[in-house]
1. If you take every DSSP beta bridge fully contained in the chain, what fraction is antiparallel? Give it as a percent rounded to 5.
2. With Cβ to Cβ distances under 15 Å as the rule, what net charge do the other residues near Ala102 carry (K, R +1; D, E -1)?
3. Return the sequence-ordered ³J(HN,Hα) values of region 43-55 in whole Hz as given by the Karplus equation 6.51 cos²θ - 1.76 cosθ + 1.60 applied to θ = phi - 60°, using x for Gly and Pro.
4. Based only on Cα atoms, what Rg/Rh ratio does region 210-301 have, Rh being taken as Kirkwood's radius?
5. Can you tell me the relative contact order of the chain? Whole percent, Cα pairs under 8 Å, sequence separation 6 or more.
6. Of all GluC sites (Glu not before Pro) in region 1-81, which ones are in loop regions per DSSP and have a Cβ with at most 16 other Cβ atoms within 10 Å?
7. For region 138-216, just the Cα atoms, rotate onto the principal axes and tell me the three extents in Å, largest first.
8. Pull up the DSSP beta bridges for region 1-131 and report the antiparallel fraction as a percent, rounded to 5.
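Laboratory data are not the source of any read-out in this text; all were calculated from the coordinates shown. Keep in mind it's a predicted model, so treat the numbers as computed, not measured. Heads up, the Cβs are rebuilt from the backbone with ideal geometry, glycines too, and the neighbour counts pull from every protein chain shown.
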Amino acid sequence: MSSITVMGESLVDVVSGLAHPGGSPLNVAVGLARLGHVVQFHTEFGQDAHGQQIAEHLKQAGVKVASGSVTERATSVAQVHVDEQLNAHYTFDIHQQIPPVAADAVTELLHTGSIAAWIEPSGQSIVDAFSHAATSSLRSYDPNLRPDLVEDREAAIERIELLMRLSHIVKLSDVDAQWLYPDLDLWDVLAHVSSLGPAFAVMTQGGDGCLAVAHGNRYDISALPTDLKDTIGAGDAFMSGLLYGFLSLPELALALRTGTASEPADIRQALHHALTSAALTVAQAGANPPWVNDFSRALAH
């Protein structure tokens, strides 16, 4: 059981008129808590009906909400449209002023991603936390881009690459890659991300699985067969499963943190954890990462 800090947005996804707790960092926090880790979540949501729904969702998963996360402002909302291919598309009404992480806080893993990581004022709180994190903390980042919210492309990319430089683990999607680096192929994108400093870079490709680079080695892993309901939360479930995999392998976590060589078999095992978590999530409607018992059963097969 690890102590984990997650920073980022909370919101509700409104699908066909029904509201569901969401936001990429929230989904990762819930995913890790459901898998048995102690998670503290630095975020913002209101005291309105949507905020109460988020608070209950986090409570049921066992996520601890950091002091200052509940405010008087309205809870952020994402309107979700699922197309004929069962892919999710979003429009947002979002604001996040998340409480900072104390400079002397000790956490085994510090994770962030998506909107709150590059809008202000939340973005600066996240950069400060990553910049001043203890050397013993593993740092992970998922850009999880929402291009419709980007007002200044160059500034967004500058912030995204700063967080990549400050992270040991970076996960992005092929859609993120195409927006960030339209002139590069997927392997070249991973090479560029790795050149910024992360020991591990991985790219999800939906039903085609994932590509990854670690310590000069390439990995191309197929997705697991599943009964697809929708893709809402798939990337976040991949992320929480991946981080669970890393934390389950202390020697691998140490290698990523220190930049020393990692065992390819350990990397493949962590990626299998990630793909298993994603497969279980897309087989259900909405962002619903697996609980530890279901996850363990799936890994055993």
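1. Values: 21 of 50 bridges.
Here the antiparallel bridges make up roughly 40 percent for the chain.
2. Numbers: positive: Lys64; negative: Asp104, Asp128.
Neighbourhood net charge equals -1.
3. Along region 43-55, the couplings run 7, 9, 8, x, 9, 6, 4, 5, x, 5, 5, 5, 4 Hz.
4. Numbers: Rg = 13.4 Å, Rh = 13.5 Å.
Ratio value, two decimals: 0.99.
5. Numbers: 651 pairs, mean separation 49.2, N = 301.
The value is 16 percent.
6. Values: sites: Glu9, Glu44, Glu56, Glu72; in loops: Glu9, Glu44, Glu72.
Hits after loop and neighbour filter: Glu72.
7. Over region 138-216, Cα extents along the principal axes are 34, 29, 21 Å.
8. Working: 11 of 28 bridges.
Around 40 percent of the beta bridges assigned by DSSP in region 1-131 are antiparallel ones.
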